[in-house]
1. Filtering the stretch 299-320 down to residues that are basic (Lys, Arg) and within 11 Å of residue 275 (Cβ to Cβ), which residue is surrounded by the most Cβ atoms within 10 Å (Cβ to Cβ)?
2. Identify the residue in the stretch 495-518 that is out of contact with any strand residue (DSSP E or B) (no Cβ under 6 Å at 6 or more places or on another chain) and within 20 Å of residue 367 (Cβ to Cβ) and, among all such residues, is surrounded by the most Cβ atoms within 10 Å (Cβ to Cβ).
3. Would you point out the residue of the stretch 120-133, among those that are surrounded by 22 or more Cβ atoms within 10 Å (Cβ to Cβ) and not small (Gly, Ala, Ser), that is farthest from the chain's Cα centre (by Cα)?
4. When you scan the stretch 447-484, how many residues do you find that are farther than 23 Å from residue 363 by Cβ, open to solvent by less than 40 Å² (accessible area, probe 1.4 Å) and without any contact (Cβ under 8 Å) to a residue 60 or more places away in the chain?
5. Residues of the stretch 115-158 being assigned to a strand (DSSP E or B) and hydrophobic (A, V, I, L, M, F, W, C), which ones?
6. If the requirement is being open to solvent by less than 70 Å² (accessible area, probe 1.4 Å), among the charged types (D, E, K, R) and either modelled with pLDDT of 95 or more or not in a loop (DSSP other than H, G, I, E, B) (or both), which of these qualifies: 522, 561?
7. Kindly provide the set of residues from the stretch 192-201 that are in contact (Cβ under 8 Å) with a residue 24 or more places away in the chain and either closer than 30 Å to residue 99 by Cβ or more than 31 Å from the chain's Cα centre (by Cα) (or both), ordered by number.
8. Quick check on the stretch 169-188. Is at least one of its residues touching a strand residue (DSSP E or B) at 6+ places or on another chain (Cβ under 6 Å) and surrounded by 15 or more Cβ atoms within 10 Å (Cβ to Cβ)?
Amino acid sequence: MSKTINAGIAMMKVIEDWDVKQVYGIPGGSINSTMEALRVEQDKIDYVQVRHEEVGAFAAAAHAKLTGKIGVCFGSAGPGATHLFNGLYDAQMDHAPVLAIIGQVGTSDMNWDSFQEMNENPMFADVSVYNRTVMTADSLPHVIDEAIRRAYKENGVAVVTIPNDFGTKDIPADFWSSGHSYVKPLLPQPDEEKIKAALKLISEAKHPVIFAGIGVNGATEELVTLSKHLKLPVVMSAISKGMIPDDFEGNMGSAYRVSTKPGNETLEQADLIMMIGADFPFARTKGMFNPDAKFIQVDIDSSKIGKRHNVDVPILSDAKQAMKQLVALSDEVAHRRFYDACVANRKNWRAYLQQLADKTTSPLGVGSVFKQINRISTGNDVFAIDVGDVTMNSLRFLNMNEKQKFTTSALFATMGYGMGAAIAGKLTYPDRQVFNLTGDGAFAMVMQDLLTQVKEKLHIINVVFSNESFDFIKDEQEDEKQKYFGVDLQGADFAMIAHGMGALGISVHTYDEMVAAFDTAKQVEGPVVIDVKIHNNRPLPAEKLQLDPATNSAAEIAAFKKRYDADILQPFSVYLNEFEVE
């Protein structure tokens, strides 16, 4: 008699072969055969019981973003499945490989309008790069293996729906998995003639700028070297925070609204943009790229080249190799006036941020909170960033290096991301210090999964910026000249809630309380919630500056500086004039 194996266990062995360490989800009647397989294989793969499937999907997406390896989550038929959508769309839009296992009623109950039965394939058609319902028990391990391969190939979401009874059946044990034999694709190498053409355009430009995205991940040294060698200021996409050190003089920060002042001002002046490993959605829709600028684009994906701007020199290549070639085939630029002006403008911006961070008055400002985060950071931390003003403030105030990790919900921009991302961050990197930085609006959406942190005994520092307002949306209403409506929040003592869930909760109202809270948070075991009561003053809108006498009246400039405590800030034109930039 040929050997057999339980189909659910065979499926789990395939997942193990792909080096998956955690699976996130909640049990349900239609997923019980998968739960049994997880129980049997629990010594080889960790089942992480979240308290909401959405958080499990966020965790899977964050794991993929942080590591480049597939994240896995599941939901039972009906509500368990639909709860996954927020996290799956986040993975789709940020191009993260995720496997979502969806429960389905047993085959004998299908097509009878059974309890929780839904036609689930159409539901997941838009979010997925692979979407199949398993049709036989024998094919279950094969479909899972194929799904993971597709998720890696397309950098997207693969969905497998499994009728519950298939996972209980015995199948021939001659199945196989391709995880152990997976080979990463060879990345395209740069065409030397294209590199030379790019260098010619750069030599002719007066205001050349690099715009770098997540494609520069792992190429910090090459990007910094290129910037120094050709004296090119670097503007980063928001999701690329930390890929070059924040203390590097050529790092202008990010652009558009979730941005820095020098990031926006540098792009506004650019007459040549070299976009490396980026897919910036605001380039055309919000006019962040000068349509008349010369454009060089470096990308490993030919479908991205020309997507955001007319391209003068396309370079289909691995970013690291292209940057190495750009340096190797060029002479060092000793001096560039535009670069010097950008560096001076950045220095002025950093002094402004430091001024805000040094404040000790109450109500507390966000800058002073980030000063404490930076103070206790280890230099090897993981920062899980939620969505809202906290995203913008993290980009501005966190002082990061290339060893630290930063993850947020970028294109989908879904509130609640930070909780699941922090859980994934700590489980993936247990020896690192992990922060969940979140507003009170986002924290209230997912705070039930503080229980997951407690159950898993995860030392995560959850910092809640409490200002009783959806401030990011409030600012949009102001810009659209609406009256504020629906943006005020009922406050809560999140420290007390944390205590009720078994975590350490600390409520902070003053500077001295805050310093003590962060000292404590660094030392304790298990999860900590620091509920910091901050003022709800609007962060400086770097996309709507009113600082330049050439475009704003003296009254407008004075009002702008007063509102944002920005007496120290200078318009970029001051430095362009100082360095006699043409």
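The values are calculated or read from the model by the stated rules, or taken from the named source; none is laboratory data. This is a predicted model, so every value here is computed, not measured. Cβ atoms come from the backbone with ideal geometry, glycine included; neighbour counts cover every protein chain shown. Ligands, DNA and RNA are excluded from the accessible area calculation, which covers all protein heavy atoms including side chains. Shrake-Rupley method; radii C 1.70, N 1.55, O 1.52, S 1.80 Å.
1. Among those residues, the one meeting the criterion is 308.
2. 518
3. This residue is 131.
4. Qualifying residue count for the region: 0.
5. Those that are assigned to a strand (DSSP E or B) and hydrophobic (A, V, I, L, M, F, W, C): 129, 157, 158.
6. One residue alone meets the criteria, 561.
7. Within the stretch 192-201, 192, 194, 196, 197, 199, 201 qualify.
8. Looking through the stretch 169-188, at least one residue is touching a strand residue (DSSP E or B) at 6+ places or on another chain (Cβ under 6 Å) and surrounded by 15 or more Cβ atoms within 10 Å (Cβ to Cβ).
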